[in-house]
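Below is one structure, written out as structure tokens; comments come after it.
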Amino acid sequence: MSDPTALPNFPPPPNEHPLRGLVLDALKDLGLEPNLDKEGDVSFKANDQQLFVRCLENEVKIMRVFGQWKIADPVPADKVMQLSACNDLNLSMTMVKTGLGPDTLVVTSEHIVTSDQSVKQLMSVSIQIVLATVQAWHERVVKLAERIAEQRAKAAQGADGAEAAPGADDAPAQSQDAPETDQQDGEPRE
């Protein structure tokens with residue numbers, strides 16, 4: 001007898017988890033090879049990236065397409081920069097959210113499914129937007145780090161006295177005959 005763990009992971013009957021069944025069918029129609037993981041999520045690869053779909057099937061059907069990516073070089077380890085890039089994307093993009101876990105970027109696209117016929121189109125759009133958001137996050141955080149490094153270099157250059165303050169040579173020299181004045185109120189000192 002063969003090992004039961006070696007058998008393929010068959011989907012549940014359609015009436016047990018109808019949304020998950022629709023997601024599996026949609027992914028197959030898109031030419032992808034979905035499987036069920038131990039948490040009951042649908043897992044698949046798109047453009048060599050591991051993605052997942054979690055289906056919440058209560059009175060309201062919700063489909064969540066998400067992925068997780070390990071953060072490594074050339075992305076700076078500065079959490080403030082990473083969170084800033086997440087915030088920028090969360091505020092500027094629709095249908096997608098970004099967040100950070102321990103050394104991990106999480107990108108998710110969530111949808112309320114109102115029509116069984118919309119699942120395939122929602123899957124296609126969600127996959128593309130999740131992958132595009134990962135790329136946009138990476139580009140933003142790297143560019144932010146480069147801008148900050150340039151600003152710090154300019155500030156250090158100025159602090160080293162490499163640049164004179166503008167107008168410093170234009171200040172009139174104080175005449176020896178003029179009385180010295182107090183710096184606060186301009187009154188002559190005694």
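Tabulated data
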quantity: Count of the range 90-103 residues which are β-branched (Val, Ile, Thr) and modelled with pLDDT of 95 or more; calculated: 2
quantity: Number of positions in the range 44-77 that are farther than 20 Å from residue 136 by Cα, touching a strand residue (DSSP E or B) at 6+ places or on another chain (Cβ under 8 Å) and in a loop (DSSP other than H, G, I, E, B); calculated: 1
quantity: Residue 149 of a type outside the set (S, T, N, Q), open to solvent by 40 Å² or more (accessible area, probe 1.4 Å) and at pLDDT 95 or above; calculated: no
quantity: Per-region count, the range 124-146, residues in contact with a Pro (Cβ under 8 Å, 6 or more places away or on another chain) and open to solvent by 60 Å² or more (accessible area, probe 1.4 Å); calculated: 0
quantity: Residue in the range 83-123 that is most open to solvent (accessible area, probe 1.4 Å), counting only those that are in contact with a helix residue (DSSP H, G or I) (Cβ under 8 Å, 6 or more places away or on another chain) and among the polar types (S, T, N, Q); calculated: 84
quantity: Subset of the range 34-43 that is assigned to a loop (DSSP other than H, G, I, E, B) and at pLDDT below 95 - its residue that is most open to solvent (accessible area, probe 1.4 Å); calculated: 38
quantity: Residue within the range 9-20 that is surrounded by 14 or more Cβ atoms within 10 Å (Cβ to Cβ) and at pLDDT 90 or above present; calculated: yes
quantity: The listed residue being of a type in the set (Gly, Ala, Ser) and outside any helix (DSSP H, G or I), out of 126, 84, 118, 109; calculated: 109
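The values are calculated or read from the model by the stated rules, or taken from the named source; none is laboratory data. The model shown is predicted, which means the values in this text are computed figures rather than measured ones. As a convention, Cβ positions derive from the backbone with ideal geometry for all residues, glycine included, and neighbour counts pool all protein chains shown. When the accessible area is computed, the model is the full protein with side chains, heavy atoms only, and any ligands, DNA or RNA have been set aside. Shrake-Rupley method; radii C 1.70, N 1.55, O 1.52, S 1.80 Å.
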